[in-house]
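What follows draws every value from the coordinates through simple rules; no lab data is involved. Because the structure is a prediction, the values reported are computed rather than measured. Reconstructed Cβ throughout: ideal geometry from the backbone, glycine too, with neighbour counts over all protein chains shown.
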Ligand code: SAH
Ligand code: SF4
């Protein structure tokens, strides 16, 4: 049975009001152990009990994956009552779940307002592959950067996601994929990492993770905590458009794998494609990469390079690319451009992508071509955008027709 067959059917339940999400209570999800201890102390949990309570909660939240205090059977009833009165552990609201014909899943999630703001929506994507499953997580609602080939870049930044909301995407995905032991499982049950559906995380959804550093850091440290969700840091990749001042801190303080959205090898072109390049040009970016903590041949940086027809896909570009990365333990990920309604770019011809890849390979770099996944549900890289700014139905139908005509090989 393939991974996609093994997982639950698409969510069909109609949207029902979720008063739990509107309670305004603080969540226990996404707090560091210290912050959770402080929150418990503030509500009167005696000092001598706090450490033990935090361990219990950590286990229930992140190993067992419960989203209801009543499921915490080894926590005394009055304690559970106290927790329910003051805190929440709810999952985000699923507005829509779509399943691509290749098994990719996309969730449109809604988070309650923070302060005076409105509810916000983000997308999270699950990509099942042979022997692994990757969850693509969003870090912001919209993006303040305006990379010219990226759909998210056309949506203004609404706000940063909190650590709870970043982690909530992982918990929700694991719920929906059956990746937590069920409620009937014994109290010490867990799903061994080899049997899990979500084996890898990429911070490649909506937003620039390094413009939301603290929340991303807190969430990823919880995701990789060995007594909880236990994802290996080698299986977590953070992708940045090149926020140079935060790159060193990413290695030092979070310790996950790094991906750089390079896309061009000349400043003049990169200024147009990835405008943050005007602030942090190629030389500074590559210098920061060279200094990335823990960099080694066994821990290489991934350079993402979107293939845009007649823009950045010449063999001259390939040559410059190989020169530019000299001395950096690197792999190059060639991403066929994923079109979206209103874009003026086209994906490079397949033959040209292969020529480009061959050249890079011969120069000594692994350069896998990323197979586009979930294009039919607009779940592929750079296609994410939230419902509030979604295309109109007529626009969508025209777009889908275009996709079927132009990209039949993906179906
Ligand atoms: N903001 C971060 C992470 C999110 S974007 C960053 O820019 O790295 C994740 C990846 O998708 C980036 O490499 C981005 O450049 C790429 N991408 C964006 N739009 C794309 C598109 N239309 N087709 C293919 N890849 C795209
Ligand atoms: Fe933002 Fe990344 Fe898209 Fe650029 S590619 S607009 S940084 S999400």
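Going by C-beta contacts inside 10 Å, put 307, 203 in order with the fewest on the left.
Listing 307, 203 from fewest to most nearby Cβ atoms yields 307, 203.
Tell me, what is the FRET efficiency for residue 43 and residue 189 to the nearest 0.05, using R0 = 22 angstrom and their Cβ-Cβ distance as r?
0.15
So what are region 229-340's ellipsoid semi-axes, whole angstrom, largest first, if each one is the square root of 5 times an eigenvalue of the alpha-carbon gyration tensor?
Rounded to whole Å, the semi-axes are 24, 15, 14.
At a Förster radius of 30 Å, what calculated FRET efficiency corresponds to the Cβ-Cβ distance of residue 283 and residue 114, to the nearest 0.05?
That gives a FRET efficiency of 0.20.
Semi-axes of the equivalent ellipsoid for region 21-140, please: Cα gyration tensor eigenvalues, times 5, square-rooted, ordered largest first, whole Å.
Its equivalent ellipsoid spans semi-axes of 31, 18, 12 Å.
Taking only Cα atoms, what is the 0 to 90° angle, nearest 10, from helix 163-176's long axis to the longest principal axis of the chain?
90 degrees
Based on DSSP H runs of at least 4 residues, each adding -39500 (n - 2.57), what is the mean residue ellipticity at 222 nm of the chain after dividing by all its residues, to the nearest 500 deg cm²/dmol?
-8500 deg cm²/dmol
Cα-based Rg of the chain per 2.2 N^0.38 Å, rounded to two decimals?
Dividing the Cα radius of gyration by 2.2 N^0.38 Å gives 1.01.
For the residue pair residue 25 and residue 268, what label-to-label distance in nm results when each label sits 7 Å from Cα along the Cα-to-beta-carbon direction?
Once both label points are built, they end up 6.1 nm from each other.
Just need the Rg to Rh number for region 28-89, please, alpha carbons only, Kirkwood Rh.
Rg/Rh: 0.90.
Got a sec? How would 202, 274, 95, 122 order by Cβ neighbour count within 10 Å, fewest to most?
95, 202, 274, 122
Under a crude label model (7 Å from the Cα following the beta-carbon direction), how far is residue 355 from residue 323 in nanometres?
1.9 nm
Using Cα pairs under 8 angstrom and six or more residues apart, how large is the relative contact order of the chain, in percent?
It rounds to 15 percent for the chain.
By counting other Cβ atoms within 10 Å of each Cβ, how are 350, 60 ranked from fewest to most?
If I rank by nearby Cβ atoms, fewest first, I get 350, 60.
Any chance you could tell me what percent of the C-alpha pair distances in region 228-272 go past 15 Å?
Of all Cα-Cα distances in region 228-272, 53 percent exceed 15 Å.
Enter the angle in degrees (range 0 to 90, nearest 10) between the Cα long axis of helix 393-406 and the first principal axis of the Cα atoms of the chain, meaning the one along which they spread out most.
With rounding to tens, the tilt is 50 degrees.
Among 374, 115, 30, whose mean-square fluctuation peaks in a Gaussian network model of the chain (Cα, cutoff 10 Å)?
It is 115.
With springs only between Cα atoms under 10 Å apart, run a GNM on the chain and tell me which of 134, 237, 343 wobbles the most.
With Cα springs under 10 Å in the chain, the top fluctuation among 134, 237, 343 is at 343.
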